[in-house]
Amino acid sequence: MATNKLQQKLGLALSGGGFRASYFHIGVLAQMAEQGLLRDVEVISAVSGGSIIAALYYLHVKKLLESKPDGEVKDQDYVDLVKRIETDFKKATDQNIRLRTFADFRSNLKMAAANYSRSDRISELYNTYLYRDVLNDVSDPVQMRELKIHPPGEPDDFHPRTGNARRKAKVPILNLNATALNNGQDWQFTAQTMGEPLGDINAKVPETVTPADIYRRAPSYADLAPHQQNFELGHAVGASACVPGLFPPLAVSGLYRDEDDDIRIQLVDGGVYDNQGIEALLWAECTHFIVSDASLQLAVEDEPDTDTLPVLLRAANCVTPDRLRSETLDNLFDTFGREKTAFMHLRKDLGIRKIPWIGQDGKPAESGAPSLPPETGRFDVAPEIQELLANVRTDLDAFSEVEAYSLMLDGYRMSAPELDTFRDNNGFGTAPTQPAALWSFLAIAPKIDAPSPSPDLLKQLKVSGLRFGKAMMLIPALSALITALMLLLLVLLWPYLKLLLEIRIPLSVIAVLVAIVVAYQHLMKWERMFAFVKPLRLSIDAVKRIVLNVVPALLLMPVIWIYLRLINPLYLWRGRVDNLDLSPLERWRHFLRWL
């Protein structure tokens, strides 16, 4: 039975997982729009790939809620809104945002500065391709403090926390989550302020929090130092999606000072702290939850690689996050009850294999517990396809129609029965009275629904799990051409490579280099004792940035340009839905018409 709606507060959590997660979340948003649930969402907590799409959705919601009085906002408005997101987001990701971080000459030169990195560059690209054109009355780049929603008819001091109780179309609070490397805590960006929730003056610090320092959170951006008052939405999203190892931490300077030393907050992906974004909803005192989880889950390996680096990577990047995810969700279900949570994830209903031991006769024991079969009828996606979608790369490159539409359709279908039950149990939303909207991603449905999925569809979804070489795997002629060019380049460069290989570095030079590295590691400890050390360290840091950031980027630029102008369009063309299952001759005819 539904409880008093005035006492309920619905939170939406959008997990990390690169553009894979973004596309899956769009499918969930589409289903929520059809079921009238989006108007009830009061808090949106997003991480990484979830933050990328949450920020775009929020801008469109702001535009909607500021254009109409509360009583005139219809469920169809949310359907139309998500349709625009579906189209605009695909156009943006077609640009291959990941590679474009290397494609601008001026930005590559700026990498020599201490306050500019690849993370800053991709933040600028988020603004360029996703955010700046949604609203007409905001700055370029869009600033966080411009995101407050002021609906018509509401008082000037309207705040969603107190004003939503009287509204039918709730004004959501956007919460973009990153992780502060300084003390390991959640770092939140909202339209009001930024910082860690423990830094609020009235926040209760749990006994389990171990860091000695808590960074206080200012009441608003207006209370911050002038250079941080205009913090950009793209940079907030960039911090939330700053995957360790792929992107350097995004620095926030000038917020704090420890005695005479400035403190620089270094932010990385919010998934390091909570990849589902659930904890921020708990901080916001939500009572009901819709959790869309397209994060990377632990994959079973019969023969795990036991070399040192693979073991460390699997333990740190797979086992530990998967355990944290399980504990967070179990705690949510135990505290609030499973009926108050709609939960979708990419491995849902795939079944569980229970593998029996080998008996004395050398055969699997008959007493072994049976496997739990996949529930194929729950949301009309075959387990074979669902398994491939669960293994799609968590990257920020271009996604073809086959990949994007399959992920959106998956989120749309998977969430239908879950949200339907959630809506009936808790009194949110409205039962759909009209046929399903004509979403673009439904174009892939006949291929997904075929009694026997086509080999081409399965091949493309399997290739979509790769980070590199996808175009070569799908276009044999391109693979042959690149291989021939690489062999030709090797032949031309071989005399120079041979000379390079014959160079012998004296042991004394190696010893000096090792000594320099060791001394550099101790420079920061010596800064307080010797005045000349800090300028020396800063000089070495500048040289290091030039060698490690600027030079490789400049050398890669010709290759990046070729990829963006030739290979990326070919990959997107090959992955069009209307190219599926064509013969090679028909496909080339399509290609010539496409040109």
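The values are calculated or read from the model by the stated rules, or taken from the named source; none is laboratory data. Since the model is a prediction, treat every value here as computed from it, not as a measurement. All Cβ positions, glycine included, derive from the backbone under ideal geometry; neighbour counts span all protein chains shown. Heads up: the accessible areas ignore ligands, DNA and RNA and are worked out on the full protein's heavy atoms, side chains in. Shrake-Rupley method; radii C 1.70, N 1.55, O 1.52, S 1.80 Å.
Stretching Ala431 away from Trp561 to a fully extended chain increases their span by 41.9 nm, per 0.36 nm per residue minus the current alpha-carbon distance. Based on alpha carbons, the Rg and Dmax found for the stretch 1-67 are 12.8, 37 Å.
Amide H contacts under 5 Å for Arg264: none, restricted to partners 5 or more places along the chain or on a different chain, H placed in the peptide plane at 1.01 Å from N. In summary, the lysines within cross-link reach of Lys90, defined as a Cα separation below 28 angstrom excluding same-chain residues under 8 places away, comprise Lys62, Lys63, Lys68, Lys74, Lys148, Lys170, Lys348, Lys447, Lys459, Lys462, Lys470.
Rank-order 143-156, 274-287 by packing density, defined as the average count of other C-beta atoms within 10 Å over each peptide's residues, highest first. Write down the numbers at each step before the final one.
Details: 143-156: 16.0, 274-287: 22.5.
Ranking, from highest mean packing down: 274-287, 143-156.
Expressed per residue, the C-alpha convex hull volume of the stretch 393-466 stands at 127 Å³. Length available on full extension from Ala225 to Glu384: 0.36 nm per residue minus the Cα-Cα distance, which gives 51.9 nm.
If the stretch 274-328 were replaced by its equivalent ellipsoid, with semi-axes equal to the square roots of 5 times the Cα gyration tensor eigenvalues, what would those be, largest first, whole Å?
On the way: eigenvalues 180, 23, 10 Å².
Taking √(5λ) for each Cα gyration eigenvalue gives 30, 11, 7 Å.
In this simple spin-label model, placing a label point 7 Å from the Cα along the Cα-to-Cβ direction at both Asp424 and Lys363 gives a separation of 4.6 nm.
Taking the square roots of five times each eigenvalue of the Cα gyration tensor of the stretch 441-509, the equivalent ellipsoid has semi-axes of 45, 16, 8 Å, listed largest first.
Can you pull out the GluC sites (Glu not before Pro) in the stretch 62-137 that DSSP calls coil and that have at most 16 other Cβ atoms within 10 Å?
Details: sites: Glu66, Glu72, Glu86, Glu124; in loops: Glu66.
Here the sparse-neighbourhood loop sites are Glu66.
Sorted largest first, the principal axis extents computed over the alpha-carbon atoms of the chain equal 79, 67, 65 Å.
Taking only Cα atoms of the stretch 5-138, what ratio of Rg to Rh do you get with Rh as the Kirkwood inverse-distance radius?
Numbers: Rg = 16.8 Å, Rh = 16.3 Å.
Rounded to two decimals, Rg over Rh is 1.03.
In this structure, Ala511 and Ala542 have a Cβ-Cβ separation that, at R0 = 25 Å, corresponds to a calculated FRET efficiency of about 0.50.
Close amide-amide hydrogen proximity is noted between Glu232 and Met144, each under 5 Å apart and 5 or more residues distant or on a separate chain (H modeled in the peptide plane; Pro and chain starts excluded). Compared with the alpha-carbon gap, the fully stretched path from Ala299 to Phe158 is longer by 46.1 nm at 0.36 nm per residue.
Applying 1/(1 + (r/R0)^6) with r as the Cβ-Cβ distance of Asp262 and Leu442 and R0 = 51 angstrom yields a FRET efficiency of 0.45. If you take the Cα centroid of the stretch 158-217 and the Cα centroid of the stretch 328-361, the two points sit 30 Å apart.
Over the stretch 27-96, the hull volume per residue, using the convex hull of the C-alpha atoms, is 87 Å³. What the Cβ-Cβ distance of Ile352 and Leu466 gives, at R0 = 22 Å and to the nearest 0.05, is a FRET efficiency of 0.25.
Listed values for the stretch 307-323 are Karplus-derived 3J(HN,Hα) couplings in whole Hz (6.51 cos²θ - 1.76 cosθ + 1.60, θ = phi - 60°), namely 5, 4, 5, x, 5, 4, 5, 5, 5, 7, 9, 10, 5, 5, x, 5, 5, and x replaces Gly and Pro. Over all directions, the projected convex hull of the C-alpha atoms in the stretch 353-486 averages 14.3 nm² in area.
Only beta bridges with both residues in the chain are counted; by DSSP, about 45 percent of them are antiparallel.
As a test of the formula, what do you get for the chain when each DSSP H run with n ≥ 4 contributes -39,500 (n - 2.57) and the sum is divided by the residue count, at 222 nm and rounded to the nearest 500 deg cm²/dmol?
Details: 23 runs with 261 residues, N = 595.
For the chain, the value works out to -13500 deg cm²/dmol.
The residue among Gln35, Ser15, Pro455 whose Cα reaches farthest toward the positive pole of the charge dipole of the chain, with charges on the beta-carbon of Lys, Arg, Asp and Glu, is Pro455.
Using only Cα atoms, what Kirkwood radius does the stretch 104-152 have, in angstroms?
Values: mean 1/r = 0.0798 Å⁻¹.
Answer for the stretch 104-152: a Kirkwood hydrodynamic radius of 12.5 Å.
The figure for Lys544 is an accessible area of roughly 90 square angstrom, using a 1.4 Å probe on the protein chains alone. Sorting 174-187, 455-468 by their mean Cβ neighbour count within 10 Å, with the most densely packed peptide first, gives 174-187, 455-468. With semi-axes defined as the square roots of five times the eigenvalues of the C-alpha gyration tensor, the equivalent ellipsoid of the stretch 198-346 measures 31, 23, 15 Å, largest first. Kirkwood radius for the stretch 130-184, taken over all pairs of different Cα atoms as the inverse mean of 1/r, rounds to 13.8 Å.
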